[in-house]
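Chemist: Starting off with a structure, shown below.
The values are calculated or read from the model by the stated rules, or taken from the named source; none is laboratory data. Bear in mind that the values here come from a model prediction, so they are computed numbers and not experimental data. Cβ coordinates were reconstructed from backbone atoms using ideal geometry, including for glycine residues, and neighbour counts include every protein chain displayed.
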Amino acid sequence: MATIAFSTYSFGPKCMAREGMQFALEHRFQGIEFGSWTHWPQFMSPEDIKYIRTQGANNNMELSIHFIHRGVAIATHVRERRKKHFSQLQQTLQLAGDLGAKVVVIHPGSVDYPGVPSTNTSESMRMAAIENLRTFLEDVLPLAEDLGVAVCLENLFHSAGNVFHNYAELLEVVETIGHPLIKIILDVGHADRSDGLDEAFKIFGQQIRHIHIHDSSGLMDHLEIGKGKLDFYQYLDILKPFPYTLAIESRDEADPEGCVLRSRNALMKVLGKSGD
């Protein structure tokens, strides 16, 4: 049975880890993902880490961390930049181990080639970036293995400048590495706005280790569940038995907490679970 969690992404960049955990405890969430606005190792004190680890363990919560993505291009052609991002990911993985989190989510990001805007990079530059990404993940595997933390690549939009232009390319990287700790995190809104959610479930299949769930209009995602066009009942046979986490990433700046709670209730209705 799927675990219902939420991401602190829903509360914006000012939401710190302890605040997110307190919300999770108050509203009896089964998990929490520390969202992508923040490089979390710099923003969790030893006291925060102990509190989150203890509360997570005592309440049987599934914890995950979204690796910072703003200003980060892990497939970069710039050696020093790649070295910096590698160190940041190592720090994030170590934090996951300290917290008892089992998943770190990362964005493949854009093609980063010196002196060339990402949207103007050539196909050969993009293919080289995919190779950079693959070796980056292989290099971080020993630490992931030591900590028992899965590193999950997220599907982004298939637009000019991004590393991946279709689902098959993302899947190929994961399958080429062929390790149980390198998996896919499916973002349903990104899928709806690229090559479709049906195709994403079909192509990614058993490689999906984590799901970001929110609604989409086809033009805008991260909507409150029930406010877009996605029919989650259509995917009930996939979502209900999903053995891992469904992390709500719905966001409404005017009513962030209400948005998350209503999304949780809508998702529970789909899954046939009783709410509070």
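Chemist: Looking at the stretch 226-240, I want the residues that are closer than 11 Å to VAL188 by Cβ and at pLDDT 95 or above and have a partner that is surrounded by fewer than 17 Cβ atoms within 10 Å (Cβ to Cβ) and among the polar types (S, T, N, Q) with Cβ atoms under 6 Å, at least 6 apart or on another chain. Which pairs are those?
Modeler: Close Cβ pairs satisfying both conditions: GLY228/SER217.
Chemist: How about the stretch 71-87: which of its residues are surrounded by fewer than 16 Cβ atoms within 10 Å (Cβ to Cβ) and β-branched (Val, Ile, Thr)?
Modeler: Result: VAL78, single match.
Chemist: Within the stretch 26-78, how many residues are in a helix (DSSP H, G or I), of a type in the set (Ser, Thr, Tyr) and touching a residue at least 24 places away in the same chain (Cβ under 8 Å)? Explain how you work it out, then say what you get.
Modeler: At the first step, the residues of the stretch 26-78 found to be in a helix (DSSP H, G or I) are 26, 40-42, 46-58.
Remaining after also requiring of a type in the set (Ser, Thr, Tyr): 51, 54.
From the residues that got through so far, the ones that are touching a residue at least 24 places away in the same chain (Cβ under 8 Å) too are 51.
Of the residues in that region, 1 qualify.
Chemist: Still on this structure, please answer the following. List pairs: first residue in the stretch 129-151 and part of a strand (DSSP E or B), second residue at pLDDT 95 or above anywhere in the structure, Cβ distance under 6 angstrom, at least six positions apart or on different chains.
Modeler: What qualifies is ALA150/VAL103; ALA150/LEU181; ALA150/LYS183; ALA150/ARG209; VAL151/VAL104; VAL151/ALA144; VAL151/ILE182.
Chemist: Take the residues in the stretch 211-260 that are part of a helix (DSSP H, G or I) and of a type in the set (Ser, Thr, Tyr); name whichever of them is nearest to the chain's Cα centre (by Cα).
Modeler: Initial filter on the stretch 211-260 (part of a helix (DSSP H, G or I)): 232-239, 256-260.
Within this subset, residues satisfying the condition of being of a type in the set (Ser, Thr, Tyr) are 233, 235.
Working: TYR233: 22, TYR235: 20 Å.
Here the answer is TYR235.
Chemist: Hey, another quick one. Go through the stretch 160-179 and give me each residue that's in contact (Cβ under 8 Å) with a residue 24 or more places away in the chain, assigned to a loop (DSSP other than H, G, I, E, B) and of a type outside the set (A, V, I, L, M, F, W, C).
Modeler: Let us first name the residues in the stretch 160-179 that are in contact (Cβ under 8 Å) with a residue 24 or more places away in the chain, namely 160-171, 173-177, 179.
Filter again for assigned to a loop (DSSP other than H, G, I, E, B), leaving 160-161, 163-166, 179.
Once the filter is applied, which keeps residues that are in contact (Cβ under 8 Å) with a residue 24 or more places away in the chain, assigned to a loop (DSSP other than H, G, I, E, B) and of a type outside the set (A, V, I, L, M, F, W, C), the stretch 160-179 yields GLY161, HIS165, ASN166, HIS179.
Chemist: Scanning the stretch 187-210 for residues that are crowded, with 23+ Cβ neighbours inside 10 Å and not in a helix (DSSP H, G or I), which turns out farthest from the chain's Cα centre (by Cα)?
Modeler: Of everything passing the filter in the stretch 187-210, ARG209 is farthest from the chain's Cα centre (by Cα).
Chemist: Could I ask something else about it? Taking PHE157, is it surrounded by fewer than 20 Cβ atoms within 10 Å (Cβ to Cβ) and within 30 Å of PRO117 (Cα to Cα)?
Modeler: yes
Chemist: If the requirement is being of a type outside the set (Lys, Arg) and under 19 Å from the mean Cα position of the chain (by Cα), which of these qualifies: THR54, THR8?
Modeler: On the way: THR54 fails: under 19 Å from the mean Cα position of the chain (by Cα).
Result of the check over THR54, THR8: THR8.
Chemist: Which residue out of GLN55, GLN90 is surrounded by fewer than 23 Cβ atoms within 10 Å (Cβ to Cβ), under 20 Å from ILE185 (Cα atoms) and in contact with a helix residue (DSSP H, G or I) (Cβ under 8 Å, 6 or more places away or on another chain)?
Modeler: Working: GLN55 fails: under 20 Å from ILE185 (Cα atoms).
Going through GLN55, GLN90 in turn, just one is surrounded by fewer than 23 Cβ atoms within 10 Å (Cβ to Cβ), under 20 Å from ILE185 (Cα atoms) and in contact with a helix residue (DSSP H, G or I) (Cβ under 8 Å, 6 or more places away or on another chain): GLN90.
Chemist: Let me ask you something else. Among (1) of a type outside the set (D, E, K, R); (2) under 26 Å from GLU138 (Cβ atoms); (3) crowded, with 21+ Cβ neighbours inside 10 Å, where does THR38 come up short?
Modeler: Going through the list (1) of a type outside the set (D, E, K, R); (2) under 26 Å from GLU138 (Cβ atoms); (3) crowded, with 21+ Cβ neighbours inside 10 Å, THR38 breaks only (2).
Chemist: Residues in the stretch 120-131: is at least one surrounded by fewer than 22 Cβ atoms within 10 Å (Cβ to Cβ) and closer than 16 Å to PHE86 by Cα?
Modeler: Checked the stretch 120-131: at least one residue is surrounded by fewer than 22 Cβ atoms within 10 Å (Cβ to Cβ) and closer than 16 Å to PHE86 by Cα.
Chemist: Take the stretch 82-113 and flag every residue that is farther than 11 Å from VAL149 by Cα, in a strand (DSSP E or B) and aliphatic (A, V, I, L, M).
Modeler: Passing the criteria: only ILE106.
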